[in-house]
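K.L.:
Below is the structure I would like to discuss, written out as structure tokens.
The values are calculated or read from the model by the stated rules, or taken from the named source; none is laboratory data. A quick note: this is a predicted structure, and the numbers were derived from the prediction, not measured. Glycine also receives a Cβ, built like all others from the backbone with ideal geometry; neighbour counts cover every protein chain displayed. The area values use the complete protein model at the heavy-atom level, side chains included, leaving out ligands, DNA and RNA. Shrake-Rupley method; radii C 1.70, N 1.55, O 1.52, S 1.80 Å.
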Amino acid sequence: MATKPPRDSELEAILEKVRQVRNFDFRNYKRATLQRRIERRMQATRCRSRTAYLALLERDPAEVSTLVSSMLIKLTCFFRDREVWQALEQSVAELARKRPDGELRIWSAGCATGEEAYSLAIIAAEALGPSYPGVELKVFGTDVDEDAIATARRGIYSPEQLENVSPERLARFFVRTGNSYTVRKELRRAVVFGVNNLVSDAPVSRIDIILCRNVFIYLDAELQKRVLARFQFALRREGLMVLGRSELIPFAARLFRPTDLARRIYRKDCQAEVTSTTQDRLPAEPAALPRFTEPSRDFERSFLRNLLDSHPFPHIATDNDDTVTLWSRAAARLWNRTENEMLGKKLATLGLTGLGGDLLVEQSQRVRSGSSEREVADGTIEVPSGGPITLRVQVVPLRDASGERQGLLYITRDITHLRGVEQSLRAAQDELKALQLRMQSSTEELRAANEELETTNEELQSANEELQTTNEELQSTNEELETTNEELQSANSELDATNRELAHRTLELDALAFCQRTIIRTLSAAVLVLDGEGRITTWNLAAERLLGLTERETVGQLLWSLHVPALKRALLLKLRRHLQENRSLRLEHIPYQLPHGGKGSATLVATPLVSDTQALGSIILFEDTTRSTALQEENQRLQERLKA
């Protein structure tokens, strides 16, 4: 037997994280679709691996919501696939004629942002006549995405979203508000929107038409069967179910009768419903059975217990909490468990073969809540002494003398013989069909060939629908890329404006720097500017003249490593120490050798450049005072002569 491929542990961890944070269970959705959605989010968040993306989900719950929104595809529009809507218009008109005074109930399951729900309301209002729509029409639109439902409730759409709506319908059912259209109040009151999970939540009941398109393509076979069973329960007799063109589900033929397979329109199989609920026509069990855990008179209790133990059908009774309160003798024989082992335990936890999970949970809950008076389910049990036994289990409410529900009563019957008769009948029908096939002529062969061609055409249509879905996803991606491109263009415009402003500032700074450099170069005093490490960044013309080195020889060099004739080594060390300690230094009458060979005198001023305790560098002024010193000495000699 073929085994299922092993599941990706990292993918399962991501799905478990989504289930814990948002209570969305995607574990039974098709893995290929989920992987594409997760990889798209990984690219958007720049996560190179699923491990990194899982870590992002752990620290950012908002990303979990974004991932859920991307998984729930909301590609829809008004009157999508015109051929399907033409067939629906005829079906709705037929229902309106058959039930002129009754309520028409329609369900748009997986309605996304509401376009299909409003489309159903429009064709139903047209079928009901000019007085549309009154209390006789109710359209239910459900989806698991709360944001999409909020958009649907507003009922505001752009002209692009309404391009499939005819001008007559646009004028009758919509009101223009600015650049958009709003659904009229009369039509809006007929549509009820709500959040509903088709897999886990209770379905809407007493429905005439269910429209659920392009939802099943994301579910695996198990979830498809579960949702189809809920739809079968929700529909009234002769109710219609419409699926997407790409959703050809073999299991649907077991619960519904195809009426237009090309457009995926099915009708509820009433014959299957009758055979599955045969016991509904039998006389009801006495409703006055007492609760077996409550005290009563010994005679009545003994009589009722003997009566049930004498019955060949197994009986099981539970209270309102699903705790077993009665285990008949026939039940003990069937499941080989004594009464003492079963009393006081939860029935759903006992794992009894033949009692399915749907019967013990969903169907029992409907009887317990009062929404159904009787539920029936079939099951199979293996008996060691013989072959398998087919059981039909009926669940009814257990009431006291006043009619109040005290629990549930499970009545089990052996329908193995009935199933054998049904199988024999099927075999006889198969033989009859085989005889009919042998009697058919070349016309039948041509019909078979025609059916094969139709099947091939349907498969091609299904593949075309899948390609259309992929195209819609690509269109959605293209729209996202266009939006991103617009944002980048806007950012580029802002950057251009910033660049122009920076260029203007650069010109101003260049002019200021040129002015500053010109001023520094024309000063009569030597100007040396050092950076934080002591490297020379500025060396003006006066420095070249007084210190004997050119600008090309000094700029970029460490001052402490240069041989400057005017600056002795001891003076440089003292200057370096003061500047490293961010202290100023002023020295006057420094003797030095003039470039032309004479002796001169100078004043040196060194000032550190500090900004908020951070040393940016320093500036050194070296001014020649030879002439002023000589004048002072001459002046002093003259004064001394005058005094003499």
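K.L.:
Hey, could you pull the Cα Rg and Dmax for the chain, both in Å?
P.N.:
Rg then Dmax for the chain, in Å: 45.8, 162.
K.L.:
Share of antiparallel DSSP beta bridges in the stretch 49-207, in percent to the nearest 5?
P.N.:
If we restrict to bridges inside the stretch 49-207, about 35 percent are antiparallel.
K.L.:
For the stretch 355-449, give the magnitude of the charge dipole about the Cα centre (Cβ charges: +1 Lys/Arg, -1 Asp/Glu; no others), in debye to the nearest 20.
P.N.:
140 debye
K.L.:
Let me ask something else about it. Packing-wise, with mean Cβ within 10 Å as the measure, how do 200-211, 108-119 rank, highest first?
P.N.:
108-119, 200-211
K.L.:
A follow-up question, please. What residue among I415, T625, G110 has its Cα farthest toward the positive end of the dipole of the chain, where the charges are +1 on Lys, Arg and -1 on Asp, Glu, each on the Cβ?
P.N.:
Towards the positive end, the residue furthest out is T625.
K.L.:
Another question, then. State the answer as a single residue: which of T603, G534, L616 lies farthest towards the positive end of the charge dipole of the stretch 490-644, with beta carbon charges of +1 for Lys and Arg and -1 for Asp and Glu, about the Cα centre.
P.N.:
T603
K.L.:
Given the convex hull over the Cα atoms of the stretch 530-586, what projected area results after averaging over all orientations, in nm²?
P.N.:
One quarter of the hull surface, i.e. the mean projection, equals 3.8 nm².
K.L.:
Same structure again: Go through K17/K138; K225/K345; K98/K268 and tell me which ones have a Cα-Cα distance over 27 Å in this structure.
P.N.:
Beyond 27 Å: K17/K138; K225/K345.
K.L.:
OK, next. What's the carbon and sulfur percent of the stretch 509-644's accessible surface, probe 1.4 angstrom, rounded to a whole number?
P.N.:
The value for the stretch 509-644 is 54 percent carbon and sulfur by accessible area.
K.L.:
Could you order M439, M342 so the one with the most accessible surface comes first? Probe is 1.4 Å.
P.N.:
Listed by decreasing accessible area, they come as M439, M342.
K.L.:
Turning to a different aspect of this structure: Show me the ranking of peptides 391-398, 412-419, 137-144, 123-130 by mean Cβ neighbours inside 10 Å, starting with the highest.
P.N.:
Highest to lowest by the protection proxy: 137-144, 391-398, 123-130, 412-419.
K.L.:
Right, here's the next one. In vacuo Debye scattering of the stretch 38-169, one point per C-alpha: log10 I(q)/I(0) at q = 0.09, 0.16 Å⁻¹?
P.N.:
-0.39, -0.85
K.L.:
While we're looking at this one, here's another question. Can you pull out the GluC sites (Glu not before Pro) in the stretch 393-438 that DSSP calls coil and that have at most 11 other Cβ atoms within 10 Å?
P.N.:
Passing sites in the stretch 393-438 are E404.
K.L.:
Among S424, L255, V175, flag the residue with its Cα farthest along the positive direction of the charge dipole of the chain, charges on Cβ as +1 for Lys/Arg and -1 for Asp/Glu.
P.N.:
Among S424, L255, V175, the one farthest towards the positive end of the dipole of the chain is V175.
K.L.:
Relative contact order for the stretch 564-643: what is it in percent, counting Cα pairs under 8 Å that are at least 6 residues apart?
P.N.:
That works out to 22 percent.
K.L.:
May I ask for the equivalent-ellipsoid semi-axes of the stretch 345-493, computed as the square root of five times each C-alpha gyration tensor eigenvalue and listed largest first in whole Å?
P.N.:
Largest first, the stretch 345-493 gives 49, 38, 14 Å.
K.L.:
Further question on the same structure: Which order do the peptides 549-561, 326-338 come out in when sorted by mean C-beta neighbours inside 10 angstrom, highest first?
P.N.:
Result, highest mean first: 326-338, 549-561.
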